[in-house]
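Asks: Before anything else, here's the structure in question.
The values are calculated or read from the model by the stated rules, or taken from the named source; none is laboratory data. In this text, all values refer to a predicted model and were calculated from it rather than measured experimentally. Here the Cβ positions follow ideal geometry from the backbone for every residue, glycine too, while neighbour counts run over all protein chains shown.
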Amino acid sequence: MRGHVSGPVLVAGASGFVGRRLCAALVDAGYDVRAMTRHPDTYDGPGTAVFGDVQDAGSLAGALEGCRAAYYLVHSLDSKDFERLDRSAARAFATAAADAGVQQVVYLGGLGDEGDRLSRHLRSRREVEGLLGSHGVPVTVLRAGIVIGDGGISWEITRQLVEHLPAMVTPRWVRTRTQPIAVDDVVRYLIGVLDRPEAVGRVFEVGGPEVLEYRTMLHRVARLRGRRLLLLPVPLLSPRLSALWLGLVTDVDVQAGRSLVDSMTNEVVVHDPAIREVVPFDPMGYDDAVRTALEERGQRTRPRSWLVRVRDGAVGRLPGPITAQSPVRHEPRPEVLARRRRVVAGTAVLGAGLLGVSLAARPDSKRFYVLTLATAATWVAGGLASGPLHLGWVEGRDRRLRRPLLTPVATGVGAFGFFYGCALVVRQVPLLDRAVGKVLTFAEEGSTPLVLLTAAANGVGEEVFFRGALYDALPSRHAALLSTGVYGVATVATRNPALVLAAGVMGSLFALQRRASGGVGAPLLTHLTWSVLMIRFLPPLFRRGHGAAATGRAVIGRAAAR
């Protein structure tokens, strides 16, 4: 009798070709799914996104904590060193799974006769099978050949060759036999072996109902697409040249393509159909699998209206709720990072210029408020335009949130106390006394509600940009230091030494909060608390002291008169 997994089921590689479908099917089946990915900030699939990187052993313990079963759908085909990477990843996952008390690991490997001279790719898959169980966790292995479905690398090679070329020179591997299987059937098998006592610790071979040569597969895809295809096999076309050729006529990564081409010299067919006894159903035929893959691609690439694109783009860039759990490490996709860096560079220059001009305006003038709010709007617009932002608070070791509201507010109060103490010293330094007085003139002469509004808007804008977009655009190892440096440089445009010093001190605090909390929520609340208290309590101190505020007003008044 089949039991039911007590606890979450982890899917390692949840954002991949098979993983995203598996997560959806598991959720539909009623399982509590943890989708492990290196990019939880951009994951929008089913299940609860958790950060985990198989190349970072320390990140796996939290992801696997409490799980009773886990799927391992990870590989490194796009790297020349994929064997070493997959080996170390499997060892790390096996150790973490054993430590977490996982009772079953399900792994999707590759078909291939043990007596054959297997390719590096298939040998690596076999090695991973053994390593996953090296620490005592029972492993269920499903070995598959070509998996047909929208987004699969092997399928994309087939589809693009047919669509891009009416004729092609092909290597000898087009005569190799394989047993393709629809991705939906792979998912059905993966779920079918979960928590089945008769499947635990066993190796199964899975495939569709037909054994086909690669050239037959190409011809049948061409027929279904209404195309004619001429194949001219050439015996001297090496795997390396084949991979380079694929790189020219398809958008498949050259390294991944070469790894797969190497495997295409091995016959990959099912010899033991024992899986049909454990998970009995009739797999989809090849032509039906191809039609399904083509329909999925058509739906995915169907143009959306401009209104839908604008709406989805705007929503995707808004921060999530402050109580959302998020990992400390955010690793955006390369295209997101490239766009973010371009946007923050332009925003930093424009925002710094507006900041300098706004503080050169007359206090309580319409020009001052307009320029200050324009500066805040520039920071916010640049931050949102750069890509997704993170507002949430990181998990503690016990997976509970750590006072996402109280801690930042208390930090802001403490920062104000520190600055108030420093102000007592600053009053004795004429240069800084005058500099602070000039800044406080805007609070003294301005309308209190408007001053508070502009201060709050500027605080929000600076955090969204400097601790949000800019922080994520920088290398994670140096993000806190570099973002603080850029923050300080931006305030140089004000030509006020007091503001530059304050930016260095508070910028460091805000950056450390961002690093600790994983989002802009904590520094934003601290900034707002600190700003309000500074505006409320600091001006009277300087007014009662050396009259620096009055001096500042006189200086600015004379400048305005000119």
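Asks: Which count do you get for residues in the range 185-220 that are under 16 Å from residue 26 (Cβ atoms), modelled with pLDDT of 95 or more and of a type in the set (Asp, Glu)?
Replies: Summing the residues that are under 16 Å from residue 26 (Cβ atoms), modelled with pLDDT of 95 or more and of a type in the set (Asp, Glu) in the range 185-220 gives 1.
Asks: Go through (1) surrounded by fewer than 16 Cβ atoms within 10 Å (Cβ to Cβ); (2) on the phi > 0 side of the Ramachandran plot one by one and return the number of the condition residue 7 breaks.
Replies: (1)
Asks: Among the residues of the range 107-121, write down those that are in contact with a Leu (Cβ under 8 Å, 6 or more places away or on another chain) and in a helix (DSSP H, G or I).
Replies: Across the range 107-121, the qualifying residue is only 121.
Asks: Would you point out which residue out of 381, 435 is assigned to a helix (DSSP H, G or I), at pLDDT 90 or above and farther than 20 Å from residue 526 by Cα?
Replies: Sole residue among the options that is assigned to a helix (DSSP H, G or I), at pLDDT 90 or above and farther than 20 Å from residue 526 by Cα: 381.
Asks: Also, I was wondering about something else. Is at least one residue of the range 50-58 surrounded by fewer than 18 Cβ atoms within 10 Å (Cβ to Cβ), of a type outside the set (Gly, Ala, Ser) and either over 19 Å from residue 193 (Cβ atoms) or touching a residue at least 60 places away in the same chain (Cβ under 8 Å) (or both)?
Replies: Within the range 50-58, one or more residues are surrounded by fewer than 18 Cβ atoms within 10 Å (Cβ to Cβ), of a type outside the set (Gly, Ala, Ser) and either over 19 Å from residue 193 (Cβ atoms) or touching a residue at least 60 places away in the same chain (Cβ under 8 Å) (or both).
Asks: Is there a residue in the range 507-520 that is in contact with a Ser or Thr (Cβ under 8 Å, 6 or more places away or on another chain), farther than 14 Å from residue 538 by Cβ, surrounded by fewer than 19 Cβ atoms within 10 Å (Cβ to Cβ) and of a type in the set (Gly, Ala, Ser)?
Replies: Yes: one or more hits.
Asks: Among the candidates 186, 200, 174, single out the residue that is outside any loop (DSSP other than H, G, I, E, B), assigned by TED's automatic domain parsing to the domain that holds residue 286, touching a strand residue (DSSP E or B) at 6+ places or on another chain (Cβ under 9 Å) and farther than 22 Å from residue 230 by Cβ.
Replies: Being outside any loop (DSSP other than H, G, I, E, B), assigned by TED's automatic domain parsing to the domain that holds residue 286, touching a strand residue (DSSP E or B) at 6+ places or on another chain (Cβ under 9 Å) and farther than 22 Å from residue 230 by Cβ holds for just one of 186, 200, 174, which is 186.
Asks: Any idea which of (1) modelled with pLDDT under 85; (2) among the polar types (S, T, N, Q); (3) buried (at least 21 other Cβ atoms within 10 Å of the Cβ) is the one residue 496 doesn't satisfy?
Replies: Among (1) modelled with pLDDT under 85; (2) among the polar types (S, T, N, Q); (3) buried (at least 21 other Cβ atoms within 10 Å of the Cβ), the lone unmet condition for residue 496 is (3).
For every residue, the table says whether it meets (1) over 21 Å from residue 152 (Cβ atoms); (2) in contact with a strand residue (DSSP E or B) (Cβ under 8 Å, 6 or more places away or on another chain).
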| site | (1), (2) |
| --- | --- |
| 26 | no, yes |
| 29 | yes, no |
| 51 | yes, yes |
| 66 | yes, no |
| 72 | no, yes |
| 82 | no, no |
| 100 | yes, no |
| 120 | no, no |
| 124 | no, no |
